[in-house]
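Derivation of every value follows stated rules applied to the coordinates shown; laboratory data play no part. For clarity, every value in this text was computed on a predicted model and none was experimentally measured. Cβ sites come from the backbone with ideal geometry, for glycine too, and all protein chains shown count toward neighbours.
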Amino acid sequence: MNHKYQKILIIRHGAIGDVVHTSNIFRSIKNYNPNAQIDYVTGKVPAQLIEHDSRLNHVYVLKGKDYKYLTKLGLELRKQKYDLIVNLQPSIRFRYLAFLAGAKSQVVYKKTFKLHAVENFFETARKKIKELENPQNLELELPQEVVDKVRADFPTDKKIVILNTQTSAARHGRKWPMEYFKELALDLIEQYNCLIVVSGSKEDIKAVKVFENLHPDIVVTAGKYSILESAALFSLADVVVSGDTGPLHIATAVKKPFCIGLYGASSVGRTGPWGINHFAVSADLDCIPCDRRKCKIKEYNGKEINPCLMAIKPEHILRVIKDNDLLV
């Protein structure tokens, strides 16, 4: 078979979840053309998730976004003589980078809310390689030694449920109330005798202190693991419960867990958990999805609120778990 594009560059800088959502592109290209050389340009944090992937030849880590640096990187990339550049970052700066990198052919991503993000990214590449087939699940390759290292921290035969309680501070409209997470954790322990792991980054340590000493079967790991180790942690879980944020999408792309996404302001159709083993829970309100960073109602009794997320109760999550036998 004569493959037109043998050397391909993918560009996507930005949110971790977005980079995870693009992974089906290089996965499907390698399925179609195992001899293709695929390189990727992305930021420092998401690079950690894909730099070990056997389907990628090289991952270029962006060290800045100023034009001086982008010029230097673009000229370095030009030496690779790519056949195709799939530019999934359509800003002026990254169009400039793609222009300097040069290629026989280029295609640029155009965002649309008519498609899921995974499909939106994928269809960009398929404009040039029409034979590509989009897998019905996401798949990240994790180094086995990293998985084994994290597994050693959890010597238990109990089912593991991970609660990712935090989202970006700028995305208040995606955050489920902490009192609901606490109630859910205790109900899960009572009903399923499972181990609850509260994940998070260093920035989340203060927020998740409410779980410390709450119950012997609740372990807080916020700030303990790198992004790659966190992905390994998710791969050990039986169930992951999270708002619409990067860790949720990482969890959907590792092998084991069932994922339950909590959706308020954001659209399930656009960023819902991708894959047949995952679930999205949202309220039946006319105002959603509004995609606002903060609810227009703003606050109640002096507290910021999200009616759309407050309408999702812990019992709704328990019902998803029970009805689908997720912890059997």
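List of remarks:
- Between the helical axis of 117-126 and the longest alpha-carbon principal axis of the chain there is an angle of about 20 degrees.
- For the pair Phe113 and Leu100, label points projected 7 Å from Cα toward Cβ lie 3.5 nm apart.
- Those GluC sites (Glu not before Pro) in region 211-306 that DSSP places in a loop and that have at most 11 other beta carbons within 10 Å: Glu212
- Between the alpha-carbon centres of region 173-191 and region 82-98 there is a gap of 42 Å.
- About the centre of its Cα atoms, region 1-118 shows a dipole size close to 320 debye [charges on the beta carbon of Lys, Arg (+1) and Asp, Glu (-1) only; nearest 20 debye].
- To the nearest ten degrees, helix 314-323 and the longest principal axis of the Cα atoms of the chain are 70 degrees apart.
- Lysines whose Cα lies under 16 Å from that of Lys224, excluding same-chain neighbours fewer than 8 positions away: Lys149, Lys202, Lys206, Lys209
- Tensor-based shape of region 146-323 (alpha-carbon gyration tensor, a/c under 1.5 rounded, otherwise prolate or oblate): prolate
- Counting only Cβ charges, +1 for Lys and Arg and -1 for Asp and Glu, the dipole size of the chain around its Cα centre is about 1880 debye.
- Each Lys and Arg Cβ is given +1 and each Asp and Glu Cβ -1; about its Cα centre, region 185-328 then shows a dipole of about 480 debye.
- Fully extending the segment from His3 to Ser226 would add 76.5 nm, taking 0.36 nm per residue of separation and subtracting the current Cα-Cα distance.
- Beyond 27 Å in Cα-Cα separation lie the following of the pairs Lys68/Lys104; Lys4/Lys110; Lys72/Lys104; Lys30/Lys158: Lys30/Lys158.
- Estimated vicinal HN-Hα couplings, Hz - region 275-284 in sequence order (Karplus 6.51, -1.76, 1.60; Gly, Pro = x): x, 6, 9, 10, 9, 10, 10, 9, 7, 8
- Extension gain from Lys255 to Gln37, taking 0.36 nm per residue of separation minus the Cα-Cα distance: 76.0 nm
- Residue pairs, from the table Lys7/Lys128; Lys255/Lys313; Lys7/Lys130, whose Cα atoms sit over 24 Å apart: Lys255/Lys313
- Pairwise label distance in nanometres, Lys81 with Ala311, each label 7 Å out on the Cα-Cβ vector: 5.9 nm
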